[in-house]
Amino acid sequence: MSGHILLRGGRVVDPSQKLDAVRDVLLADGRVAKLGERVDASPDTRVLDCTDLVVTPGLVDVHVHLREPGGEHKETIATGARAAAAGGFTAVCAMPNTDPPIDDPATVGFVLAEGRRAGAARVYPVGCISAGRKGERLALIGEMVETGAVAITDDGSPVMDSGLMRLALLYAQAFGIPVADHPEDLTLSARGHMNAGLVATRLGVPGKPNAAEDIHIVRDLLLAELTGGHIHLQHVSTRFGVESIRQAKGRGVHVTAEASPHHLILDESAVEGYRTDAKMNPPLRTPEDVAAVRAGLADGTLDVIATDHAPHHYDEKEAAFTDAPNGIVGLETALGLVLTHVVGKGVIDLPTMVERMSCQPARAFGLDGGTLAEGSVADVTVLDPAATWTVDPRAFRSKSRNTPFAGWELRGRTRWTIVGGSVVFGK
Amino acid sequence: MNQAASALGKDLVGLEPLSREQIVAILDTAEPFKEISERRIKKVPVLRGKTIVNLFFEASTRTRVSFEFAEKRLSADTVNIAAAGSSVVKGETLVDTARNLEAMRIDMVVMRHGSSGAAAFLAERIPSNVVNAGDGAHEHPTQGLLDMLTIRDHLGRIEGLKVCVVGDVLHSRVARSNIHGLLKLGAEVALCGPPTLVPPVFRELGVEVFTRVEDAIQWADVLNVLRLQLERMEAGYVPSLREYNRIWGVSNARLDAAPHDVLILHPGPMNRGVEIDSDVADGPHSVILNQVTNGVAVRMAVLYLLAGGQPEKAEAAKQGAE
């Protein structure tokens, strides 16, 4: 168990309390014991000097692929949890597109146990919507939630059957969990490997049009409205998608939505030269879409920044573009990228970043954390906003290196990551 | 010959990255090489001692044989690898195939692969010269070059001509190489076909798009007619081959309505009676077999230039001068 830790003199940014001021934070017995202008500590308390540092409620990533069970050559729950901690995340939600998929209580229990054993960021399992991720009938949603699943999704694939999606949005209301969807109409996109448009046309690569994503976003919003369920839309990448969510929120639809760092920063031109490290799903889109995702993040249409951390072994990405798998790693670059290219470019301010990377993801998925209010769980991220560093994939804690951001100069990184009152990253 | 001095750089991956001058240099270099194939002894020592691997992951007869003749007539040592029966079908990756070839100290690889970008992928990873013999739906640069050489032979120029590519442009590497090459040489380029196979986004490349072949024929000096593969019908892009022929097939009846003669090209293999009628393919304005002849000369020129040859020294090189 953790001893007492005093975070001394940092800029505490906690939107849950509308707080942005220099404060001391005392952590004791796994909880936030005291938050104040000057907090005294007993002599055995470990004091971390946070002068010129920023103290926030622990960052939460509701969308990561930890690949275990079945894809341990790409990532394990332990390496993923350590990568998360290094990236400043105190909690991550593990997607169920594993092999076997996380669609029953036993697998949920396995993920929870491996997550605890890793002793890094908390790992919350997300269960499948459909049994076997086959999109045919509901998985054991109730039993999975009772075991510890915090949401359901068939991520990696959409739920193509609208009737099944309707049932999921109804059934999940018994358990108060969000139904997360990877919105994509495969009849429009299954042959595609990148954004449909001029770049794809020139490269001779089949494209995925925005409409494939838009149609399912609109469908999901209509079904959430019909059922009263909570739809969580994953990795929104299109301008029409953002606008549709904005309008639905205006009508009172229970929807939360994600933006991923890469869709906030890169456009389809990053694929030029057939760069497989810029291949993901949904694909990088046009500069107009990037602008819309940024605007959606700024005005709160998109509640959450989530990485969609998708590790792949280098052998798998070392292939011709159309033969390579989708996805990039994100846990260890997200904070620096967002600080440098989203906050640093004035899209949002630092408190809003904390809102989107801690408070709202915790709230959307019903997790502990997302606040430093006294008595809450002692999950804290301390970041150094002035630290400059270069992205070096060889230094990742993740097992995989597939990032389009290698060599990027970033400003801002994790100093300490504290989970349940224990320092899990940083000396 | 000096590798570093190649007029084309290390590889020929596509026509898009080439300059107008580089394309003209290839076409001009092909001129003296045409004559070699007309000799009784069809062999010159230009690439003597060079080892070339023809690595074909997709079936090909015409292109592979054309490259092989070009290589052999330049005295290179060649090895053919076809995907069927090679280690590729045993699960070996493209990277490993390339590294193994490299380990045998080859000089050039001519590759055809079903994935767009495969040629660039290989070129970035091995020091040998890489010639793209077709990568997915991306480019088939030597086909584009031989098409342009054939047009230039028959009409005396490229600049200012109106060239229309007819057919399955969406899936065609030939179409993309034609578009890039012809635009760089100052031609006007159009595309024609069912919009399922010629989507409007192609306009953004700076070309005209016709949906009706009659309009294309009215407009064009040259038609480059693409093969319509049976799979496109099976995938639902067109309802039937018969309907395709009735609406987009190039026939003498349609050509007779043109205001002037239209030169007919086809990269082969032809589906007679589908995209092109036999009386057109075998007619007086067809230069389809000239394309095949020019293919060997263009490929000789590309291999010679990649090996460091200078365009102006091609004539001398044929005589054995280094």
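The values are calculated or read from the model by the stated rules, or taken from the named source; none is laboratory data. Nothing here was measured: the structure is a model prediction, and the numbers come from that model. No Cβ is skipped: glycine too gets one built from the backbone with ideal geometry, and neighbour counts run over all protein chains shown. The protein model used for the area step is the full one, side chains on, heavy atoms only, and it has no ligands, DNA or RNA in it. Shrake-Rupley method; radii C 1.70, N 1.55, O 1.52, S 1.80 Å.
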- [ ] Would you mention how many residues in region A:324-338 are of a type in the set (A, V, I, L, M, F, W, C), away from every other protein chain (no Cβ under 14 Å) and in contact with a helix residue (DSSP H, G or I) (Cβ under 7 Å, 6 or more places away or on another chain)?
- [x] 5
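If only one of A:Val108, A:Val55 is in contact (Cβ under 8 Å) with a residue 24 or more places away in the chain and part of a strand (DSSP E or B), which one is it?
On the way: A:Val108 fails: part of a strand (DSSP E or B).
It is A:Val55.
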- [ ] With a cut-off of at least 3 residues that are under 19 Å from the mean Cα position of the chain (by Cα), name the strands (runs of 3 or more DSSP E) lying wholly within region A:337-427.
- [x] A:380-390, A:409-419
Open item on the list: Pairs please, first residue from region A:270-284 and open to solvent by less than 20 Å² (accessible area, probe 1.4 Å), second anywhere and among the polar types (S, T, N, Q) and assigned to a loop (DSSP other than H, G, I, E, B), Cβ atoms under 6 Å, 6+ apart in sequence or on different chains.
Closed with: A:Lys279/A:Asn326; A:Met280/A:Asn326; A:Pro282/A:Ser237
Open item on the list: Return the residues of region B:265-322 that are out of contact with any strand residue (DSSP E or B) (no Cβ under 8 Å at 6 or more places or on another chain) and within 16 Å of B:Val166 (Cα to Cα); say none if nothing qualifies.
Closed with: B:Gly268, B:Pro269, B:Asn271, B:Arg272, B:Gly273, B:Val274
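Regarding region B:35-42, can at least one residue be identified that is in contact with a Lys or Arg (Cβ under 7 Å, 6 or more places away or on another chain) and modelled with pLDDT of 95 or more? Walk me through it before giving the result.
Taking region B:35-42 first, the residues in contact with a Lys or Arg (Cβ under 7 Å, 6 or more places away or on another chain) are B:36-37, B:42.
Among the residues that remain, those that are also modelled with pLDDT of 95 or more are: none.
No - not one qualifying residue is present in region B:35-42.
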Open item on the list: Checking the conditions here, which among B:Val65, B:Val79 is at pLDDT 95 or above, within 13 Å of B:Val110 (Cα to Cα) and surrounded by fewer than 18 Cβ atoms within 10 Å (Cβ to Cβ)?
Closed with: B:Val65
Open item on the list: Please count how many residues of region B:149-182 are under 24 Å from B:His113 (Cα atoms), within 12 Å of the chain's Cα centre (by Cα) and more than 12 Å from every other protein chain (Cβ to nearest Cβ).
Closed with: 2
- [ ] List every residue pair whose Cβ atoms sit under 7 Å apart, with the two residues 6 or more apart in sequence or on different chains, where the first one lies in region B:238-249 and is more than 9 Å from B:Glu275 (Cα to Cα) and the second, anywhere, is open to solvent by 40 Å² or more (accessible area, probe 1.4 Å) and at pLDDT 95 or above.
- [x] B:Val238/B:Thr196
Task: Single residue of region B:120-133 satisfying the filter (under 19 Å from the mean Cα position of the chain (by Cα) and more than 10 Å from chain A (Cβ to nearest Cβ)) that is surrounded by the fewest Cβ atoms within 10 Å (Cβ to Cβ) - done: B:Ala123
Open item on the list: Step by step: first the residues of region A:190-235, then only those that are aliphatic (A, V, I, L, M) and open to solvent by 30 Å² or more (accessible area, probe 1.4 Å), then the one that is nearest to the other protein chains (Cβ to nearest Cβ). Which residue is that?
Closed with: A:Leu198
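Step by step: first the residues of region B:184-208, then only those that are within 12 Å of chain A (Cβ to nearest Cβ) and surrounded by 19 or more Cβ atoms within 10 Å (Cβ to Cβ), then the one that is nearest to B:Pro239 (Cα to Cα). Which residue is that?
First pass over region B:184-208, keeping only residues within 12 Å of chain A (Cβ to nearest Cβ): B:191, B:198-207.
With the extra rule that they be surrounded by 19 or more Cβ atoms within 10 Å (Cβ to Cβ), the set shrinks to B:191, B:198, B:202, B:207.
On the way: B:Leu191: 20, B:Val198: 15, B:Phe202: 22, B:Val207: 26 Å.
Per the criteria, the residue is B:Val198.
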Open item on the list: Among the residues that make up region B:214-236, is at least one of them within 12 Å of chain A (Cβ to nearest Cβ), open to solvent by 40 Å² or more (accessible area, probe 1.4 Å) and over 19 Å from the mean Cα position of the chain (by Cα)?
Closed with: yes
- [ ] Answer yes or no: is there a residue in region B:106-119 that is out of contact with any strand residue (DSSP E or B) (no Cβ under 6 Å at 6 or more places or on another chain), touching a residue at least 40 places away in the same chain (Cβ under 8 Å) and more than 11 Å from chain A (Cβ to nearest Cβ).
- [x] no
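Let's see how each residue does on (1) in a helix (DSSP H, G or I); (2) more than 26 Å from A:Thr322 (Cα to Cα):
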position	(1), (2)
B:Thr78	no, yes
B:Met111	no, no
B:Ala123	yes, no
B:Val131	no, no
B:Asp147	yes, yes
- [ ] Select from region B:137-170 the residues that are surrounded by fewer than 24 Cβ atoms within 10 Å (Cβ to Cβ) and either at pLDDT below 95 or in contact with a strand residue (DSSP E or B) (Cβ under 8 Å, 6 or more places away or on another chain) (or both) and list them in ascending order.
- [x] B:His154, B:Leu155, B:Gly160, B:Leu161, B:Lys162
Task: Boolean, A:Thr90 is open to solvent by less than 10 Å² (accessible area, probe 1.4 Å) and under 30 Å from A:Leu19 (Cβ atoms) - done: yes
Task: Candidate set: region B:134-148, residues that are within 13 Å of chain A (Cβ to nearest Cβ) and of a type in the set (D, E, K, R); chosen: the one farthest from B:Phe57 (Cα to Cα) - done: B:Glu139
Open item on the list: I'm trying to understand the selection: among the residues of region A:1-49, which are without any contact (Cβ under 8 Å) to a residue 40 or more places away in the chain and not hydrophobic (A, V, I, L, M, F, W, C)?
Closed with: A:Lys18, A:Arg23, A:Asp24, A:Gly36, A:Glu37, A:Arg38, A:Asp40, A:Ser42, A:Pro43
- [ ] Could you tell me whether region A:300-323 includes any residue that is part of a helix (DSSP H, G or I), open to solvent by 20 Å² or more (accessible area, probe 1.4 Å) and more than 14 Å from chain B (Cβ to nearest Cβ)?
- [x] no
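Can you tell me which residue is least open to solvent (accessible area, probe 1.4 Å) among those in region B:251-291 that are in a loop (DSSP other than H, G, I, E, B) and either free of Cβ contacts under 8 Å to residues at least 12 places away in the same chain or aromatic (Phe, Trp, Tyr) (or both)? Spell out how you get there, then give the answer.
If we filter region B:251-291 for residues that are in a loop (DSSP other than H, G, I, E, B), which is where we start, we get B:251, B:257-262, B:266-271, B:273-275, B:277, B:282-285, B:287.
Now narrow it down to the ones that are either free of Cβ contacts under 8 Å to residues at least 12 places away in the same chain or aromatic (Phe, Trp, Tyr) (or both): B:282, B:284.
On the way: B:Asp282: 102, B:Pro284: 123 Å².
So, considering only residues that are in a loop (DSSP other than H, G, I, E, B) and either free of Cβ contacts under 8 Å to residues at least 12 places away in the same chain or aromatic (Phe, Trp, Tyr) (or both), the one least open to solvent (accessible area, probe 1.4 Å) is B:Asp282.
Only one of A:Thr201, A:Thr227, A:Thr187 is among the hydroxyl-bearing types (Ser, Thr, Tyr) and more than 21 Å from A:Gly135 (Cα to Cα); which? Break it down stepwise before answering.
Details: A:Thr227 fails: more than 21 Å from A:Gly135 (Cα to Cα); A:Thr187 fails: more than 21 Å from A:Gly135 (Cα to Cα).
Just a single option satisfies the conditions, and that option is A:Thr201.
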- [ ] Tell me, yes or no, whether region B:292-308 has at least one residue that is in a loop (DSSP other than H, G, I, E, B) and closer than 30 Å to B:Lys43 by Cα.
- [x] yes
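For region B:238-245, does any single residue satisfy the condition of being in contact with a strand residue (DSSP E or B) (Cβ under 6 Å, 6 or more places away or on another chain) and more than 14 Å from chain A (Cβ to nearest Cβ)?
At the first step, the residues of region B:238-245 found to be in contact with a strand residue (DSSP E or B) (Cβ under 6 Å, 6 or more places away or on another chain) are none.
No.
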Open item on the list: Going through A:Thr51, A:Thr147 one at a time, which residue ends up being among the hydroxyl-bearing types (Ser, Thr, Tyr), under 30 Å from A:Gly9 (Cα atoms) and open to solvent by 30 Å² or more (accessible area, probe 1.4 Å)?
Closed with: A:Thr51
TODO: Name, by its number, the condition in (1) without any contact (Cβ under 8 Å) to a residue 12 or more places away in the chain; (2) buried (at least 21 other Cβ atoms within 10 Å of the Cβ) that does not hold for A:Pro125.
DONE: (1)
Task: Where B:Glu102 falls short, out of the listed (1) buried (at least 22 other Cβ atoms within 10 Å of the Cβ); (2) assigned to a helix (DSSP H, G or I); (3) modelled with pLDDT under 95 - done: (1)
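For A:Ala292, are the conditions met, namely being aliphatic (A, V, I, L, M) and either at pLDDT below 95 or open to solvent by less than 10 Å² (accessible area, probe 1.4 Å) (or both)? Can you show your working first?
On the way: aliphatic (A, V, I, L, M): yes; either at pLDDT below 95 or open to solvent by less than 10 Å² (accessible area, probe 1.4 Å) (or both): no.
Considered against the rule, which asks whether it is aliphatic (A, V, I, L, M) and either at pLDDT below 95 or open to solvent by less than 10 Å² (accessible area, probe 1.4 Å) (or both), A:Ala292 comes out as no.
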